[in-house]
Amino acid sequence: MRNFQDRNRGKSFLESTPVLVVLAIVLVFFAWGVVRFLIKMRETGRNREIAELKIAELEKTRQKLSVDIENLKTEKGMEESIREKFGLAKEGEGLIVVVDDKNDPNAQTKEEGNWFTLFLKNWFRR
């Protein structure tokens, strides 16, 4: 009978209020750690997606630059690049400059005045 009472005493100790409060605090501590871990895991996933997008963008840029480098290795590619950057022409080539006509009769002139006078002029013009 004494053996049974000793077991019961150990069971009552584990079911006592102070022990249960300590266990509850430990449980909350571990739960908080799990929540923080999940938040960090989600943030890491987002950062990974951003990094993968940057890698894809950099890969496209690398391919474009490789094509440009291959183009610059040819004589024609160098010539095109120089013409674009510096506006140079070969010997014997001419240059055509297109200038807009300032006396164009179709050009609209800006009338001065406030909105009311412009409204009246346009109303009576018809």
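The values are calculated or read from the model by the stated rules, or taken from the named source; none is laboratory data. A quick note: this is a predicted structure, and the numbers were derived from the prediction, not measured. Heads up, the Cβs are rebuilt from the backbone with ideal geometry, glycines too, and the neighbour counts pull from every protein chain shown.
Mind listing whichever residues of region 104-126 are more than 48 Å from the chain's Cα centre (by Cα) and at pLDDT below 75?
If we filter region 104-126 for residues that are more than 48 Å from the chain's Cα centre (by Cα), which is where we start, we get 105, 117, 120-126.
Matches in region 104-126: P105, R125, R126.
For R7, state whether it is at pLDDT 90 or above and either among the basic types (K, R) or in contact with a strand residue (DSSP E or B) (Cβ under 8 Å, 6 or more places away or on another chain) (or both).
On the way: at pLDDT 90 or above: no; either among the basic types (K, R) or in contact with a strand residue (DSSP E or B) (Cβ under 8 Å, 6 or more places away or on another chain) (or both): yes.
In short, no.
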